[in-house]
Structures are given as C-alpha cells and as structure tokens.
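Undergrad: Sharing a structure, written as structure tokens. Questions coming.
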Amino acid sequence: MVIMGIILSVILGGVVIGVVNGIKEYYTSSIYEAGFNVIFVISGKTGVGGGFYPAAKPLIVSDVRELKNLPDIKAVSPLFIAGVFRFGDNVTYLIGADEDLSLSASLTLYKGRFVNSNDSSSQAIPVVLGYNIWQYFLNQSININSDLNLLLEPYSLTYGKGNPKSVELHVIGLLDKRAQVPGLGIDPNNVFFTDLVHAYKIFNVTDLSKAYVDGAVASTPSFQDLDNASNEIVSFLESKGYSEKTDFTVISQKDALRYIDRVFVQINNFINVIWAVVLTIGSLSVLIVMVITVRERYKEIGTLRSLGARRSDIMILFLLEASWLSILGIVLGSVIGIIVIEALKQYFEFIKFVTFPVILQTYAIILPEIFLFSLLFALYPAYRAARIDPVQALKYE
Amino acid sequence: MPGIIELKEVHKIYKLGSVSVNALNGINLVINKGEFISIVGPSGSGKTTMLNLIGLLDRPTAGKVFFESRDVSSLSDNELSRLRAEKIGFVFQTFNLIPSLTAKENVELAAAFSNKVKDPERKAEELLELMDLKSRMNHKPNQLSGGEQQRVAIARALMNDPLVLLADEPTGNLDSKTSMELLEIFKKLNSEGLTLVVVTHNLSIANEAGRIIYLKDGRVENEVKKGY
C-alpha cells in the first residue's frame, strides 16, 4: 500500500507538473527561438495575451525606417500585410518587408536569398516562402526560381479589402522552420515574404514614405539592449506624434518572457496546491501503513529491546524500512510514470510538450520531495515504536 | 559477598486504569555467578515481573536493583540496553524469533547490538551446530519445530557470551520429550559456568536447579537450596 501510494504520487506529479513544465518550456523556447534580441513594433494596441485595437494614427514606412538610427537598434524592417492565400483550411499571408528583414527577425534560409532592393522592379512578385508553405501546403515540388500562380485575397487593416485576383509569384528563397512568437498572431511558417513595393502595389500605393505599415521588426546588438531599445522606440515614435496608449505596441522578447512568467506563476501556484494534496495523500499512506506495521510488530520490538536494541535502533530500523519502501515506490513510479505519459501522448495533443528532458526536470523536483515527505510521515510511527515499553510489547499477542 | 545481580526491597506496582496492582512486594534476592535458579509459583505471583527486573527490561517502583554491584536506577535507557546486549541472554516461552529471518540470521541478530562478536556469522554457525541445528540454519522459523525454534532462541541468547541467561517458561510450548532435551542443554550450559535463572511451571526443570524460589502474591514464600 505504501508503494502504491508513492507510485501514484510519482505518476500524478509527473503528469500534472510535467505538462505544465512542458508547456512553459515550449513557450519559452519559442520566444528564445524567435530571436534573442528581437523587438516587434505593432501599429495598434495588443498584448502578449491577445486582443487587438487598430491605431488611431497608424505608423508609416518612413517613420519606421528611421528607427534604424536609434543607438540600440541594429536593423529594422517595416511589415505590411497585403493579403491572404488559402490552402484548404490553412491561411497564409503575403507580407511586404525590407531587405533588413533577415537581420531584424532572425529568419534563416533553407535555400535561396531574401528580398533586396533589386526585386522591386520585377514583373512577378518575388517571394520567400515560409516553411509550412513550401514543405506542406503547395502540394508540389518547389525550388528556387519556381513560378507560381495563386489566388490572392487582398486584405489590409488600413487599406481595406480587395477583390480576389490571380497573381504571379517567383520563388527566390525558402525559409527554415521557425517557432511562432506567442501572442503575435501570425505564424512565420505560414508567410510569403515579398518586398514592400510589390506589397503596396496590390493596393495601388506608390508613395512608400507615407504608406501605412502594420508593424515592424527590429533587432538589437544584444539581449541586454532590449529594454533600452524598447524605451528608445517608444520615445522616438511619441516624438513623431504617435501615442503609446492608442497607436502602437512595442513587444520585446523580454516582455513575452515576463508575460509567460506571470501566467505560469499563477498556474504553478495552483499546481503547487494540487501537488501538496497529492504529496500529502501519498505520504499519509506511509504513515497509515507504518502505524499498522508497528502495531503488528509489537512483540518483535519487545524482542529486539530484550536483545539490547536501543530506542534509537528501533527508530532507525523503521525509518530505514520506510525509506526502502519509498525508494522502491519512487523507482517503480518513475518507470510507470514515463510509460503512462508516453501512452497519453497518443491520445492528448498537449502532452507532447512533456519531453524526456521535461520529465527528468520534473522528477528532479518531485522525487526528492516524495522521499523526504515519506520519511517525515514515517517519523511519528517510528518514534512511537521506539517508545514502546518492552515489557508490554513482549506480552502483546 | 555481593552477587552478580541483587534485588533489595524491590516493589513493582502496575497501574491498570484506576486500579493499582502490586506485582512484587519487597523482594530481596542475590544471584551468584554460576548458579542455576528456578523461580516457581502460581500464575500472577510475579515471576515474570521479577525476571524482567533481573533482566533490566523494567525498573522497580521502589527498592534497588544492582547489576555487577552497579545501582541500575542511575543508568540511562541506552546503558541498560547495552548491558542487556552484552551481559544478559533471554529465552521466551513463545521463542520470539523474527519470522522473516532464517535461524542463522536470528542468531546473528543478537550481535547487531553489541561489539563483542567479531565474526557474527561464524559464531552463529558454531552455536547452531552446538544446538545440533547445523542442517537447519537456513530455515525460517515456520519451517522449524517448537523444540528447534527454542534451541535457535537459546543460541541467540548465547551469542554475546552473556553473564546470565534468563528463561521465562522455556518449555511452556513444548512437549515433555523436547522439554527434557532442553533441560539437558540448560544443565550443560550451567555446568560450563553460565548463570541461569529459569521461571517455570515444569517441576522437572525446577528440581534440577540448585536453588528454587517460590513466589506467591509478589513475595518470596520459600526458598530451597540444594548442595550450596
């Protein structure tokens, strides 16, 4: 019964805490993968947790490009969402950007190149394809210099909706798979990147300096510069007449991490309560069984005392037995827990976040706790065993 | 001349709820080295209580117990435990072997609480051989007869070369033939110099003792010495 109680504690702890740790690990690694030193500037108000309000005064290309002159900014690219390509239920976006995009957004190429200033004069729309697009959605073998003819649904937050039209695309690059930054809405793996000239041409906008952008992506020389850079961006845009309250949102990787921490602090507090209950129940099984065991072994305790065992010897004996049972339960529970988690992955999508490193990380915390709590709960019955009067114990039937 | 164990005006009172039971009333006893003493008396006369006091398992309510001239009332529980481990061997009516251990392990167990025995395993084997149990040493108690279990218990009691061996109704759960075998073992041990104190209802054993103490209502009613 002791071993069963401990096995259950290990399994429940592994599954519950492991899932939470796994999800946090996923989001945190996604944010780190988005780039160690990346800042997103969004035209409009949004938060890492979701919700969006259009800007009263949308950002324009020339103001965004000037961000590059700020002391802690290394590279900047404006971003303009020009429309949507649909592949069944999969929605992908056509986004215009500057040639600094690769530097600013930490995108890496699988093949080919990024857009540059020479692309603005081409007939077909030059595109760099997000991973999911060239890997899964296009249903054909795609390579550099491939030409595509797809149906575009023009859509812009600022320029409105246009009639769907067929567009010619010329593939110049294929992107590596990359994590989506939580809260930013668009998965970079589902994007066709092009240059700003072609993107704005869809809405017949030719004067780029005054064109409205949906946002920008900027990078700093290092992670430590993020906070300074964010403040510089806010100050600069406010000096251009934008209001931080209504017109733009600056989200750095640090902001995302802070948000994740805040959310998971609350989740962890809740999980800690559940874990405390699980731990107590598991440890109570140790207490109950030990109390029964001591009662059943009264005579044996009396015999040991008659042989010369001290009270401390009796106490150590019972604590050692509790330790042994606890260790056995922990080992069995760990193995069974891993099997259970692997089995659950077949049925529940979110359990996939519980990777083996996450399991090890979780076990590193819960297993010592289970062992210590078992010993703690075994202390009382062991103490009682040590205090038994040997004369009374020897009489016990 | 003081004996190895001495009881002086010893009283033992037990509280059973609101009732007090006078188990021993002013016992005076000296146990000398090499003696074979049997303690007899009706049930409730205080025999086992007296044996527990002699064996330092219990403390008197009044009076003094001396072990090797030391007043045990001044000794801590750990010191009493050490004396039991090194100087006293116990044999019980119900054998009191640990069921999960083999015969050899049960005998070795006695060495766990003292530093007297350098090679407990070897000594356990020797003692079991002495008890004619060499072929049974790896059997668990539930695989041994009553007589065999009691011989294992005696071997265990002898593990630390005790000063005195205390037996509480050692033949109480044995048939007469096995009881006589046990008596021969006790006689042999005593002839080799071991001090024996045996609480018994068995007159055969009682009569073999050099001194018979009759207890009644917690008092020494009579004492018979033979050949001393």
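What follows draws every value from the coordinates through simple rules; no lab data is involved. Treat the numbers as computed from the prediction; the structure is a model and nothing was measured. So basically every Cβ, Gly included, is an ideal-geometry build from the backbone, and we count neighbours across all protein chains shown.
Undergrad: Going by alpha carbons, how many degrees (0 to 90, nearest 10) lie between the helix axis of B:146-158 and the longest principal axis of chain B?
TA: It works out to around 70 degrees.
Undergrad: Let me ask another. From the square roots a ≥ b ≥ c of the eigenvalues of the alpha-carbon gyration tensor of region A:120-187, which class results: rounded (a/c under 1.5), prolate (a/b over b/c), or oblate? Mind dumping the intermediate values first?
TA: Details: a/c = 1.75, a/b = 1.02, b/c = 1.71.
Judged from the Cα gyration tensor, region A:120-187 comes out oblate (a/c at least 1.5, b/c at or above a/b).
Undergrad: Turning to a different aspect of this structure: Are there trypsin sites (Lys or Arg not before Pro) in region B:173-216 that DSSP marks as loop and that have at most 14 other Cβ atoms within 10 Å, and which are they?
TA: Details: sites: B:Lys177, B:Lys187, B:Lys188, B:Arg211, B:Lys216; in loops: none.
Those that pass, being in a loop and sparsely packed, number zero.
Undergrad: On C-alpha positions alone, give me the angle between the axis of helix A:253-296 and the longest principal axis of chain A, in degrees, nearest 10.
TA: 20 degrees
Undergrad: Here is a follow-up. Using a Gaussian network for chain A with springs between C-alpha atoms less than 10 Å apart, which of these wobbles most: A:Ser77, A:Ser43, A:Ser312?
TA: Per the Cα network of chain A with a 10 Å cutoff, A:Ser312 tops the list.
Undergrad: Let me ask you something else. What is the average number of partner chain Cβ atoms found within 10 Å of a Cβ in B:109-119?
TA: Going residue by residue through B:109-119 and averaging, the value is 2.
Undergrad: Same structure again: What translational D, rounded to a whole number of µm²/s, comes out for region A:297-394 from Stokes-Einstein when the hydrodynamic radius is the Kirkwood one over Cα pairs, at 20 °C and 1.002 mPa s?
TA: Approximately 135 µm²/s, per Stokes-Einstein.
Undergrad: What is the average number of partner chain Cβ atoms found within 10 Å of a Cβ in B:50-57?
TA: Mean number of neighbouring Cβ atoms from other chains: 2.
Undergrad: Dipole size in debye (nearest 20) for the protein assembly as shown around its Cα centre, Lys and Arg Cβ +1, Asp and Glu Cβ -1?
TA: It works out to roughly 1920 debye.
Undergrad: Looking at region A:340-397, which trypsin sites (Lys or Arg not before Pro) are in a loop (DSSP not H, G, I, E or B) and have at most 14 other Cβ atoms within 10 Å?
TA: In loop regions of region A:340-397 (DSSP not H, G, I, E or B), the sparsely surrounded trypsin sites (Lys or Arg not before Pro) are A:Arg387.
Undergrad: Given N residues in the protein assembly as shown, what is its alpha carbon radius of gyration divided by 2.2 N^0.38 Å?
TA: Compared with the compact-globule rule of thumb, the protein assembly as shown sits at 1.71.
Undergrad: In addition: Checking the table A:Lys299/B:Lys225; B:Lys12/B:Lys33; A:Lys299/B:Lys104; B:Lys188/B:Lys225; B:Lys187/B:Lys225; A:Lys299/B:Lys188 against a 27 Å threshold on Cα-Cα, which pairs fail?
TA: A:Lys299/B:Lys225; A:Lys299/B:Lys188
Undergrad: In the protein assembly as shown, what % of DSSP beta bridges are antiparallel (nearest 5)? Walk me through the numbers before you get to the answer.
TA: Details: 63 of 91 bridges.
The antiparallel fraction comes to roughly 70 percent.
Undergrad: Moving to a separate point now. Which of the three applies to chain B, rounded, prolate or oblate, going by the alpha-carbon gyration tensor with a ≥ b ≥ c and a/c under 1.5 meaning rounded? Let's see the in-between values first.
TA: Details: a/c = 1.65, a/b = 1.42, b/c = 1.16.
Prolate shape, in that a/c is at least 1.5 and a/b is the bigger ratio.
Undergrad: Can you give the angle from 0 to 90° between the axis of helix A:226-239 and the longest principal axis of chain A, with both taken from C-alpha atoms, to the nearest 10?
TA: 40 degrees
Undergrad: Which whole number gives the average, over all residues in B:86-94, of C-beta atoms from other chains lying within 10 Å of the residue C-beta?
TA: Numbers: counts 1, 1, 3, 2, 7, 1, 5, 1, 4.
The per-residue average across the peptide is 3.
Undergrad: Once amide H atoms are built 1.01 Å from N in the peptide plane, which residues 5 or more positions from B:Val21, or in another chain, come under 5 Å H to H?
TA: Sorted by chain and number, the residues that satisfy this are B:Tyr14, B:Lys15, B:Leu16.
Undergrad: Taking a threshold of 30 Å on the Cα-Cα distance, which of the pairs A:Lys74/A:Lys165; A:Lys201/A:Lys240; A:Lys165/A:Lys245 fall above it? Mind dumping the intermediate values first?
TA: Values: A:Lys74/A:Lys165 37 Å; A:Lys201/A:Lys240 26 Å; A:Lys165/A:Lys245 37 Å.
The answer is A:Lys74/A:Lys165; A:Lys165/A:Lys245.
Undergrad: Would you pull out the residues with amide H under 5 Å of A:Leu150's amide H, same chain only if 5 or more places away, H placed 1.01 Å from N?
TA: Counting only residues 5 or more places away or on other chains, the set is A:Val167, A:Leu169.
Undergrad: Continuing with this model, one more query. Under the rule of at least 5 residues apart or a separate chain, name every residue whose amide H is placed under 5 Å from the amide H of A:Ser252.
TA: When sequence neighbours closer than 5 places are left aside, the close amide H contacts are A:Phe40.
Undergrad: For a test of the definition: using alpha carbon positions, the gyration tensor, and the 1.5 limit on a/c, classify region B:122-188 as rounded, prolate or oblate.
TA: oblate
Undergrad: Check the straight Cα-Cα distances from A:Lys111 and name the aspartates and glutamates below 15 Å, setting aside those fewer than 8 residues away within the same chain.
TA: The qualifying aspartates and glutamates are A:Asp176.
Undergrad: Which value does Rg/Rh take for region A:38-219 over its C-alpha atoms, Rh per Kirkwood?
TA: 0.93
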